[in-house]
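The values are calculated or read from the model by the stated rules, or taken from the named source; none is laboratory data. Keep in mind that what you see is a predicted model, and the values were worked out from it rather than measured. So basically every Cβ, Gly included, is an ideal-geometry build from the backbone, and we count neighbours across all protein chains shown.
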Amino acid sequence: MLHLLPVATSSSPVTLASCQLNTLGESYLAYVDLDINFFGDYGVLAMFFTEKGVEAYGVILMKPPGEGIGVYAMAGDQNNWYYMSTLSGSKLNVTLVLDIDYRLLKVVLINSSRYFEVKTLISPRSFVVLASNATGAKSPPPVVALEGYVVYASNTSLLNVLDPLYPTVRNFTKLCGSLTPVFTSPVTSPTEETTTPTTYAPPGAQFRWTVLLVLVLLVAVIALFIRLVTGERGSPGP
């Protein structure tokens, strides 16, 4: 069954997926498969692990006016977000691995994977996929079809998992996931994907200066996202 999602505002982001992480692990893996049909100016699309507050571990897509869709890794608070690339095409597969022991966030996009050191890390309590527009009701949010997602926890590192849908490591637990598409509107057929070798990116990469002012607004939106998500669920227990 297809689930039609409502139009979002900056105060009411659309939640495409939400998962409570009730199993503590040393490593967490999330795989997200989606199609993007529309991504207008000030659009925001984020997928991340979070514990509480304004810290997030994952990926955020943002579109300043007149610019392409920027893809940023989130490795903590807003001071630890790193520009990765400009999105091309409508098909997006994202694999996120959050390793508590190694204090690393691994982000795998369609054609590359990169690692980011995590300075402050608490075991995450939830994983969410959210969409909105920084201008609220004045502009539509991204039109996205979430084809599927899955989240795992393990007491063994998941950094080297090659197939996120079928991890081969021992002692892993599937926490949540669905292969039922979730739509914000009808979508077109997916495009083909390619893969290139892994590269390493140390922390410290800076945002492009030409979009910094606009990103201040967009950063505020994702911070609101996280507060809303944690606020809706209340403070997690010990």
Within 25 Å of E26 (Cα to Cα), buried (at least 18 other Cβ atoms within 10 Å of the Cβ) and polar (S, T, N, Q): which single residue out of T50, T120 fits that description? T50
Quick check on my filter: what residues within segment 132-156 are over 26 Å from L45 (Cβ atoms) and surrounded by fewer than 19 Cβ atoms within 10 Å (Cβ to Cβ)? N155, T156
For segment 17-37, which residues satisfy the criterion of being more than 25 Å from G89 (Cα to Cα) and either free of Cβ contacts under 8 Å to residues at least 40 places away in the same chain or small (G, A, S) (or both)? S18, G25, S27
When segment 64-113 is checked residue by residue, the ones that are among the small types (G, A, S) and either in contact with a strand residue (DSSP E or B) (Cβ under 9 Å, 6 or more places away or on another chain) or surrounded by 19 or more Cβ atoms within 10 Å (Cβ to Cβ) (or both) are G68, G70, A73, A75, G76, S85, G89, S90, S112, S113
Residues of segment 36-54 being part of a loop (DSSP other than H, G, I, E, B) and farther than 17 Å from V97 by Cβ, in sequence order, are F39, G40, D41, Y42, K52, G53, V54
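Conditions (1) of a type in the set (K, R); (2) in contact with a Pro (Cβ under 8 Å, 6 or more places away or on another chain); (3) closer than 22 Å to V118 by Cβ; (4) buried (at least 21 other Cβ atoms within 10 Å of the Cβ), marked per residue:
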| position | (1), (2), (3), (4) |
| --- | --- |
| L16 | no, no, no, yes |
| L21 | no, yes, yes, yes |
| D35 | no, yes, no, no |
| G43 | no, yes, no, yes |
| M62 | no, no, yes, yes |
Looking at E117, is it modelled with pLDDT under 90 and not hydrophobic (A, V, I, L, M, F, W, C)? no
Just one of V161, V128 is crowded, with 22+ Cβ neighbours inside 10 Å and assigned to a loop (DSSP other than H, G, I, E, B); which is it? V161
